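Working notes, beginning with the structure itself.
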Amino acid sequence: MISKKLEAALNKQINEEIFSAYLYLSMSTYFLTLNLDGFAAWMKAQAREEMSHAMKFFDFLNEMEGRVTLLAVKEPERTWKSPLAAFTAAHRHEQYISGRINALYRLALAESCYPMQIMLQWFIKEQVEEEATAAGIVHQLSQIQDSTQGLWMINRELGERKAD
Ligand code: FEO
């Protein structure tokens, strides 16, 4: 069993993860409008990963005999002023999500829910990776500045990402 308070917080997190998938899919289509297919493929793979995060919370809440409630998903932005602006937004979003995961962990501690604490440890580690990956791409994009050649190199590199 899980408390109503934790159930509500987990339902909110399912929604946050689905919104993350929406946001990255929106970024994927933005990159397609720039003919940056590698960037678009990377974002599409990221969106799939976000859905897998949502499903981990979904499965956990069901296993704990909680009730999953699917909340309305907010509409993501559609356009950014540059690839750098899009990845900066992605990085900020990951920092926001890390904050949400940390808040969930504090709640699980306050409610003495040990299974949820253990489940969240995976996400705490995952967020370190998610933030570092986005920060790395922001750094690469900042370094190339306006070089088209640099942008195409990163595009090729990102296109090599395997779907998770
Ligand atoms: Fe589900 Fe990108 O964190």
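Comparison of Ser98, Ser112 shows that the only residue that is closer than 30 Å to Ser3 by Cα and exposed (fewer than 11 other Cβ atoms within 10 Å of the Cβ) is Ser112. Scanning the stretch 123-157 for residues that are within 16 Å of the ligand (Cβ to nearest atom) and more than 30 Å from Ala108 (Cα to Cα) yields a count of 3.
Being within 16 Å of the ligand (Cβ to nearest atom) and either aromatic (Phe, Trp, Tyr) or assigned to a helix (DSSP H, G or I) (or both) is the requirement here; does Ile118 meet it? No, not satisfied.
If only residues of the stretch 148-164 that are of a type in the set (Gly, Ala, Ser) and at pLDDT 95 or above are counted, the one that is farthest from Gln95 (Cα to Cα) is Gly150. Restricting the search to the stretch 58-76, which residues are in a helix (DSSP H, G or I) and in contact with an Asp or Glu (Cβ under 7 Å, 6 or more places away or on another chain)? Leu61 - this is the single residue of the stretch 58-76 that is in a helix (DSSP H, G or I) and in contact with an Asp or Glu (Cβ under 7 Å, 6 or more places away or on another chain).
The residue that is nearest to Glu131 (Cα to Cα), counting only those in the stretch 74-95 that are aliphatic (A, V, I, L, M) and within 15 Å of the ligand (Cβ to nearest atom), is Ala90.
Limited to the stretch 48-57, what total is found for residues that are surrounded by fewer than 19 Cβ atoms within 10 Å (Cβ to Cβ) and either in contact (Cβ under 8 Å) with a residue 12 or more places away in the chain or assigned to a loop (DSSP other than H, G, I, E, B) (or both)?
5
Total residues in the stretch 77-95 satisfying the condition of being buried (at least 17 other Cβ atoms within 10 Å of the Cβ) and either β-branched (Val, Ile, Thr) or not in a helix (DSSP H, G or I) (or both): the figure is 2. Checked against the criterion of being aliphatic (A, V, I, L, M), closer than 23 Å to Ile101 by Cα and out of contact with any Gly (no Cβ under 8 Å at 6 or more places or on another chain), the candidates Ala8, Ala85 yield just one match: Ala8.
The values are calculated or read from the model by the stated rules, or taken from the named source; none is laboratory data. Predicted model only: the values in this text are computed from it and were never measured. Cβ atoms come from the backbone with ideal geometry, glycine included; neighbour counts cover every protein chain shown.
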